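Report on the structure given below.
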Amino acid sequence: MPDRVPPSRVETLYGEHHGWLLGWLRRKLGNAFDAADLAQDTFMRMLGRPRELDEVREPRAWLTTIAHGLVVDHVRRRTLERACLDAIASLPEQQAPSPETQLMLIEALVRIDAMLDGLPAKARSAFLLSRLDGLNYNEIAERLHVSLSSVEKYMASAIRHCLALK
């Protein structure tokens, strides 16, 4: 199996499918600029998967799968950015962080979101209630309407999940 994608294969896929993928992304996102960025990201991601590329029989289906994941990530990031900026906008002007700090906050939120992705909803909620809201396990159990032992299991699961990603 090759460790590199043959340049001719990349040129062929790009030439035959880039325009189609760009149109698909434009319809999904409603924005030509984001669509162009994500189309480029899709082909860049493709370059990182030489073994998969060698076995592709349906290039558009494969490109759509990659692009769909990027669209989900993009929408998620935009939602986090919007929520963070809305929260900052509600602060008194003298407490508002600098633009650089705002960017660092957004990047941290995106990393935390990615780290917690894949956790079951209750484990994710328990972890966030503990770490962000400062609730103890009893308070989390009340809030989530579960037993204390369930909260302990959720927290253990969330912590193991986060440590596994390090």
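The values are calculated or read from the model by the stated rules, or taken from the named source; none is laboratory data. The structure presented is a predicted model; accordingly, all values stated were derived computationally and were not measured. Neighbour counts are summed over all protein chains in view; Cβ atoms, including those assigned to glycine, are modelled from backbone coordinates with ideal geometry. Calculation scope for accessible area: heavy atoms of the full protein, side chains included, ligands and nucleic acids excluded. Shrake-Rupley method; radii C 1.70, N 1.55, O 1.52, S 1.80 Å.
The set of residues in the range 116-132 being loosely packed, with under 14 Cβ neighbours inside 10 Å and touching a residue at least 24 places away in the same chain (Cβ under 8 Å) consists of Gly118, Pro120. Residues in the range 80-96: is at least one over 30 Å from Ser150 (Cα atoms), open to solvent by 60 Å² or more (accessible area, probe 1.4 Å), more than 20 Å from the chain's Cα centre (by Cα) and of a type in the set (A, V, I, L, M)? Yes, that holds for at least one residue.
Exactly one residue out of Leu148, Leu163, Leu135 is farther than 25 Å from Asp34 by Cα, modelled with pLDDT of 90 or more and loosely packed, with under 15 Cβ neighbours inside 10 Å, and it is Leu148. Checked against the criterion of being in a helix (DSSP H, G or I), within 23 Å of Val110 (Cβ to Cβ) and not β-branched (Val, Ile, Thr), the candidates Gly69, Gly23, Gly15 yield just one match: Gly69. The single residue among Met104, Met115 that is part of a helix (DSSP H, G or I), under 18 Å from the mean Cα position of the chain (by Cα) and either modelled with pLDDT under 90 or closer than 18 Å to Leu165 by Cβ (or both) turns out to be Met115.
Would it be correct to say that Arg76 is in contact with a Pro (Cβ under 8 Å, 6 or more places away or on another chain) and either in a helix (DSSP H, G or I) or not aromatic (Phe, Trp, Tyr) (or both)? When the stated conditions are applied, Arg76 does not pass them. The set of residues in the range 34-61 being touching a Phe, Trp or Tyr at 6+ places or on another chain (Cβ under 9 Å) and of a type in the set (A, V, I, L, M) consists of Ala35, Ala39, Met46, Leu53, Val56. Answer yes if at least one residue in the range 23-30 is open to solvent by 70 Å² or more (accessible area, probe 1.4 Å), free of Cβ contacts under 8 Å to residues at least 60 places away in the same chain and among the hydrophobic types (A, V, I, L, M, F, W, C), and no otherwise. No, because not a single residue in the range 23-30 is open to solvent by 70 Å² or more (accessible area, probe 1.4 Å), free of Cβ contacts under 8 Å to residues at least 60 places away in the same chain and among the hydrophobic types (A, V, I, L, M, F, W, C).
Filtering Ile88, Ile140 for residues that are in contact with a Pro (Cβ under 9 Å, 6 or more places away or on another chain), part of a helix (DSSP H, G or I) and more than 30 Å from Phe43 (Cα to Cα) leaves a single hit, Ile88. Within the range 45-79, the set of residues being open to solvent by 90 Å² or more (accessible area, probe 1.4 Å), at pLDDT 90 or above and farther than 23 Å from Asp113 by Cα comprises Glu58, Arg60.
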